[in-house]
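**Q** The structure follows.
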Amino acid sequence: MIIRPKVRGFVCVTAHPEGCAAHIQEWIDHVKAKGPIHPGPKRVLVIGASTGYGLASRIAATFGSDAATLGVFFERPSEEGRPATPGWYNTIAVTRAARAAGRYAKNINGDAFSDDIKRQALELIRADLGQIDLVVYSLASPRRTHPRTGAVHRSVLKPVNQPYTNKTVDTDKGIVSTVTIEPATDLEVADTRAVMGGEDWELWMNALADAKLLAPGAQAVAYSYIGPDVTWAIYKNGTIGLAKNDLERAARNIDSLLKLNGGGRAFISVNKALVTQASSAIPVVPLYISILYKLMKAAGTHEGCIEQVQRLFATQMYNGCTPKFDELGRVRVDDWEMREGIQAAVREIWPRVTTENLADETDIAGYRTEFLKLFGFGLKGVDYAAETEPHIPML
């Protein structure tokens, strides 16, 4: 079939297998160009491995330090007349490239919140890898079925305590408008924490520790975002931010666990605002990212997922480096985004952005390009007018 992008709201409902593979190759090429990460991780478990920062972590470990990787994710294969999700094609491309380079790469597709998927992962690690020296936790899910209670929790992107009104942009139509979001209920706050907080990360780490599958000195990292005050009501101080606070709580507990296991450590890496499937769904944030991209590209400091993770691994976690923690024990690779000159410029531009001047004041074109690349569209060397085979089995 011929696959073209079909955008509905903040998601593209199609994905291109060759385009996804070309995107993965771009990321692999970047890691290789930066040179080896030595000493680096050698046996890596990535929970949430098929898109975004989790995918970038897998690539950085595989092609930066010759690591064996096990990826856990929840993606949909192709159906009759319908391509698979981009994460499905991403994983196949990463696995093929890793195995072609002689590196171990296996996958588990299923609900990472469940006890069954955890059990499958433990069995595979025990049989193939022996122990893990890096755990990357990078799940982004709209809901979670609790493995103990069976309750289904659904996350929401809402402010807390009072309504929030600000500018936003329809990235597809290019219309700048004002949006008002009603505050979350107490139940919605609790549900979002259950989905996006730290409990599941703790369950994974405790299961690995109990099974004695964590190598001495093992590290664990989860990813978060803080951003500027223009987004705080919907992010840092909203439901998702409260959930991320719980992720930080879990990081402290896991850090104590790993320190008893041969001096390992766990921490949160606060990363830069980027175009991802998750960030595209958050009101206000796409407009901020469009402004930010314009400024950081002009300053020569713009990074994507793979650049962020490669820099994290190479300058904070490995290569003989020691993490530089902030006052709350987090690593900040959002440092270039949060430079005062960049944020002062964002504050200056924000109030004057309109539908009419959107293309001039922001990098909305770059936003759209990056968004479509998430789904395998707009990659050089890919013939999008040609027939392609969407039905590719998982490796």
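The values are calculated or read from the model by the stated rules, or taken from the named source; none is laboratory data. For clarity, every value in this text was computed on a predicted model and none was experimentally measured. Reconstructed Cβ throughout: ideal geometry from the backbone, glycine too, with neighbour counts over all protein chains shown.
**Q** With the structure loaded, tell me whether PHE377 is modelled with pLDDT of 95 or more and over 30 Å from GLU80 (Cβ atoms) or whether it fails that test. Before you say what the answer is, go through the steps one by one.
**A** Working: modelled with pLDDT of 95 or more: yes; over 30 Å from GLU80 (Cβ atoms): no.
When the stated conditions are applied, PHE377 does not pass them.
**Q** Restricting the search to segment 257-315, which residues are in contact with a Phe, Trp or Tyr (Cβ under 6 Å, 6 or more places away or on another chain) and among the hydroxyl-bearing types (Ser, Thr, Tyr)?
**A** SER269, SER280, SER290, THR301 - these are the residues of segment 257-315 that are in contact with a Phe, Trp or Tyr (Cβ under 6 Å, 6 or more places away or on another chain) and among the hydroxyl-bearing types (Ser, Thr, Tyr).
**Q** Let me spell it out: the conditions are (1) over 20 Å from the mean Cα position of the chain (by Cα); (2) of a type in the set (D, E, K, R); (3) crowded, with 21+ Cβ neighbours inside 10 Å, and ASP229 meets all of them except one. Which number is the exception?
**A** (3)
**Q** Can you spot a residue in segment 344-352 that is in contact (Cβ under 8 Å) with a residue 12 or more places away in the chain, basic (Lys, Arg) and farther than 26 Å from TYR164 by Cβ?
**A** First, pick out the residues of segment 344-352 that are in contact (Cβ under 8 Å) with a residue 12 or more places away in the chain: 345-347, 349-350.
Keeping just the survivors that are basic (Lys, Arg) gives 347.
Narrowing further to those that are farther than 26 Å from TYR164 by Cβ: none.
Checked against the condition, which is being in contact (Cβ under 8 Å) with a residue 12 or more places away in the chain, basic (Lys, Arg) and farther than 26 Å from TYR164 by Cβ, segment 344-352 yields no hits at all.
**Q** Additional query: One residue is enough: does segment 295-303 have a residue meeting the conditions over 20 Å from the mean Cα position of the chain (by Cα), crowded, with 19+ Cβ neighbours inside 10 Å, of a type in the set (Lys, Arg) and more than 19 Å from GLU248 (Cβ to Cβ)?
**A** Among the residues of segment 295-303, not one is over 20 Å from the mean Cα position of the chain (by Cα), crowded, with 19+ Cβ neighbours inside 10 Å, of a type in the set (Lys, Arg) and more than 19 Å from GLU248 (Cβ to Cβ), which makes the answer no.
**Q** Just checking, does segment 223-230 include any residue being of a type in the set (A, V, I, L, M, F, W, C) and assigned to a helix (DSSP H, G or I)? Talk me through it step by step, then tell me what you get.
**A** Step one: of segment 223-230, the residues of a type in the set (A, V, I, L, M, F, W, C) are 226, 230.
In the following step, the residues that additionally are assigned to a helix (DSSP H, G or I) were identified as 230.
Yes, there is a match, as at least one residue in segment 223-230 is of a type in the set (A, V, I, L, M, F, W, C) and assigned to a helix (DSSP H, G or I).
**Q** Given LEU213, LEU203, LEU157, LEU208, which one is at pLDDT below 95 and buried (at least 16 other Cβ atoms within 10 Å of the Cβ)? Can you show your working first?
**A** Working: LEU213 fails: at pLDDT below 95; LEU203 fails: at pLDDT below 95; LEU208 fails: at pLDDT below 95.
The match here is LEU157.
**Q** Going through segment 166-189 one residue at a time, which ones are within 26 Å of the chain's Cα centre (by Cα), in a loop (DSSP other than H, G, I, E, B) and at pLDDT 95 or above?
**A** Matches in segment 166-189: PRO183, ALA184.
**Q** Further question on the same structure: Determine whether segment 123-140 contains at least one residue that is under 21 Å from TYR223 (Cβ atoms) and touching a Lys or Arg at 6+ places or on another chain (Cβ under 6 Å). Lay out the reasoning, then the answer.
**A** Of the residues in segment 123-140, the ones under 21 Å from TYR223 (Cβ atoms) are 132-140.
Subset that is touching a Lys or Arg at 6+ places or on another chain (Cβ under 6 Å): 132-133.
Yes, segment 123-140 contains a residue that is under 21 Å from TYR223 (Cβ atoms) and touching a Lys or Arg at 6+ places or on another chain (Cβ under 6 Å).
**Q** Testing THR62 on (1) in contact (Cβ under 8 Å) with a residue 60 or more places away in the chain; (2) β-branched (Val, Ile, Thr); (3) closer than 27 Å to GLY264 by Cβ, one condition comes back false. Which one is that?
**A** THR62 satisfies every listed condition except (1).
**Q** Filtering segment 85-104 down to residues that are over 17 Å from the mean Cα position of the chain (by Cα) and touching a residue at least 60 places away in the same chain (Cβ under 8 Å), which residue is surrounded by the most Cβ atoms within 10 Å (Cβ to Cβ)?
**A** Restricting attention to segment 85-104, the residues satisfying the condition of being over 17 Å from the mean Cα position of the chain (by Cα) are 92-93, 95-104.
Within this subset, residues satisfying the condition of being touching a residue at least 60 places away in the same chain (Cβ under 8 Å) are 92-93, 95-97, 99.
Working: ILE92: 22, ALA93: 26, THR95: 21, ARG96: 15, ALA97: 19, ARG99: 13.
Filtering first and then ranking leaves ALA93.
**Q** Any residue in segment 253-265 that is more than 30 Å from TYR164 (Cα to Cα), of a type in the set (Lys, Arg) and touching a helix residue (DSSP H, G or I) at 6+ places or on another chain (Cβ under 9 Å)?
**A** yes
**Q** Find the residue count for segment 134-154, including only residues that are modelled with pLDDT of 95 or more, out of contact with any His (no Cβ under 9 Å at 6 or more places or on another chain) and surrounded by fewer than 20 Cβ atoms within 10 Å (Cβ to Cβ).
**A** 5
**Q** Pairs only if they're at least six apart or on different chains, beta carbon under 6 angstrom, first in segment 373-392 and on the phi > 0 side of the Ramachandran plot, second part of a loop (DSSP other than H, G, I, E, B) and not β-branched (Val, Ile, Thr); list them, first residue then second.
**A** What qualifies is GLY376/ALA15; GLY376/HIS16.
**Q** Still on this structure, I have one more. Given segment 305-395, what helices (runs of 4 or more DSSP H) lie entirely inside it while holding 1 or more residues that are over 28 Å from ASN107 (Cβ atoms)? Before the answer, list the steps.
**A** On the way: elements: 305-312, 340-349, 358-361, 364-373.
Those helices (runs of 4 or more DSSP H) span 340-349, 358-361, 364-373.
**Q** Among the residues of segment 205-236, write down those that are farther than 19 Å from ILE289 by Cβ and not hydrophobic (A, V, I, L, M, F, W, C). Working first, answer last.
**A** Quick first cut of segment 205-236, residues farther than 19 Å from ILE289 by Cβ only: 205-222.
Selection gives ASN206, ASP210, LYS212, PRO216, GLY217, GLN219.
**Q** Tell me which residues, restricted to segment 293-319, are of a type in the set (A, V, I, L, M, F, W, C) and in contact (Cβ under 8 Å) with a residue 24 or more places away in the chain.
**A** Result: LEU295, MET296, ALA299, CYS305, ILE306, VAL309, LEU312, PHE313, ALA314, MET317.
**Q** Additional query: Would you confirm whether any residue within segment 5-23 is on the phi > 0 side of the Ramachandran plot, in contact with a Gly (Cβ under 7 Å, 6 or more places away or on another chain), buried (at least 20 other Cβ atoms within 10 Å of the Cβ) and at pLDDT 95 or above?
**A** Let us first name the residues in segment 5-23 that are on the phi > 0 side of the Ramachandran plot, namely 9.
Imposing the further condition that a residue be in contact with a Gly (Cβ under 7 Å, 6 or more places away or on another chain) reduces the set to none.
The answer is no; no qualifying residue exists.
**Q** Could I ask something else about it? If a residue has to be assigned to a helix (DSSP H, G or I) and either surrounded by 24 or more Cβ atoms within 10 Å (Cβ to Cβ) or of a type in the set (D, E, K, R) (or both) to count, how many in segment 30-48 make the cut?
**A** First pass over segment 30-48, keeping only residues assigned to a helix (DSSP H, G or I): 30-34.
Now restrict to residues that are either surrounded by 24 or more Cβ atoms within 10 Å (Cβ to Cβ) or of a type in the set (D, E, K, R) (or both): 31-32, 34.
Total satisfying the criteria: 3.
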